[in-house]
1. Answer yes or no as to whether I43 is outside any helix (DSSP H, G or I) and either surrounded by 20 or more Cβ atoms within 10 Å (Cβ to Cβ) or within 15 Å of the ligand (Cβ to nearest atom) (or both).
2. Please find, among D29, D9, the residue that is closer than 20 Å to Q211 by Cβ and either at pLDDT below 95 or charged (D, E, K, R) (or both).
3. Given the criterion more than 13 Å from the ligand (Cβ to nearest atom), within 20 Å of L194 (Cβ to Cβ) and among the basic types (K, R), identify the matching residue among K59, K92, K19.
4. Considering (1) touching a helix residue (DSSP H, G or I) at 6+ places or on another chain (Cβ under 8 Å); (2) surrounded by fewer than 24 Cβ atoms within 10 Å (Cβ to Cβ); (3) under 18 Å from G14 (Cα atoms), say which one K59 fails and leave the rest.
5. Part of a loop (DSSP other than H, G, I, E, B), among the hydrophobic types (A, V, I, L, M, F, W, C) and farther than 24 Å from N27 by Cβ: does that describe L269?
6. E180 - would you say it is surrounded by fewer than 23 Cβ atoms within 10 Å (Cβ to Cβ), touching a helix residue (DSSP H, G or I) at 6+ places or on another chain (Cβ under 7 Å) and in contact (Cβ under 8 Å) with a residue 40 or more places away in the chain?
7. Quickly run through segment 48-79 and pick out the residues that are within 23 Å of C146 (Cβ to Cβ) and of a type in the set (S, T, N, Q).
8. Could you grab the pairs with beta carbons closer than 6 Å, sequence gap of 6+ or different chains, first residue in segment 65-90 and farther than 16 Å from L33 by Cα, second one within 16 Å of the ligand (Cβ to nearest atom) and charged (D, E, K, R)?
Amino acid sequence: MTGPIGIFDSGYGGLTVFKEIQKKLPNYDFIYLGDNARVPYGIRSFQAVYEFTRECVLKLFELGCNLVIIACNTASAKALKNIQEFDLPEGKRVLGVIRPTTESIDRYTRTKKVGILATEGTVLSESYKIEIGKFFPNIEVFQHACPLWVPLVENNEIDSKGTHFIVERDIRELLALSPEIDTIVLACTHFPILLSVIQAYVPNNVTVLSQGELVSEKLVDYLHRHPEIDDVCGKNAKLSFFTTDEVFDFENKTEIFYGKKIKAQYIHL
Ligand code: DGL
């Protein structure tokens, strides 16, 4: 039976990926699920992130999705492999955002020095170092954790003095790790929401990469390579949004981050 593509994030960050996916696949049906009641995931243990993510992904399968995209780096780093190995019902698929982000990273860096800005969980998992190392062993990866950025985004503190202070400091600390970094990956789906602030503190010769475009490009390619999955994706341009927390808040903030008014529903996991 056909079903929507599920997009999951711990909160609003996945919307930055969802927006780009939707641009490339405008006729597909989607369900977005934000686990706003338990955000942030970035500071939580491996076990907690695995359990929370598993619950959300299984819920999306229950709602009819045949394919789920984990549009969260922290959850991709800490839960994806286990879910793929132990929890996947017959005929269902789950994909993350780390592999599609790293697969073509060599297109962007000339110095072969790449900076990663991410949550503490993603940095500690070393997933970016490992994945980039598999494809491009000649690329050196420098990581810096930005534990305050997700709460700033979730609280809509996008352009305040405090946000500028924190973003400037974190970028300075990352670039201090190597003066040759010429590419910075925003390896947390919340971070593109801070893009204009980030750009203000990054030198002109450094490219800042958001994941939305990279991930959506690879998803289109995946669906071409897997017609059996594409065939079970509904294509009536139907959208639904679910949150594990307050619907009113979610609708208001989603409008800010997604750019459109949406109708959301509360979901009990
Ligand atoms: N947006 C998530 C990511 O890409 C993290 C947010 C969180 O800490 O929950 O890592």
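The values are calculated or read from the model by the stated rules, or taken from the named source; none is laboratory data. From a predicted model like this one, the values you see are computed outputs, not experimental measurements. Ideal geometry is used to build each Cβ from the backbone, glycine not excepted, and the neighbour counts take in all protein chains shown.
1. In short, yes.
2. Working: D29 fails: closer than 20 Å to Q211 by Cβ.
Exactly one of D29, D9 is closer than 20 Å to Q211 by Cβ and either at pLDDT below 95 or charged (D, E, K, R) (or both), namely D9.
3. None of the other options fit; the residue is K19.
4. Going through (1) touching a helix residue (DSSP H, G or I) at 6+ places or on another chain (Cβ under 8 Å); (2) surrounded by fewer than 24 Cβ atoms within 10 Å (Cβ to Cβ); (3) under 18 Å from G14 (Cα atoms) one by one, K59 breaks only (1).
5. Yes; evaluated as a whole, the condition is true for this residue.
6. Answer is no for this residue.
7. T53, N73, T74, S76
8. Hits for this filter: I83/R54; D87/R54.
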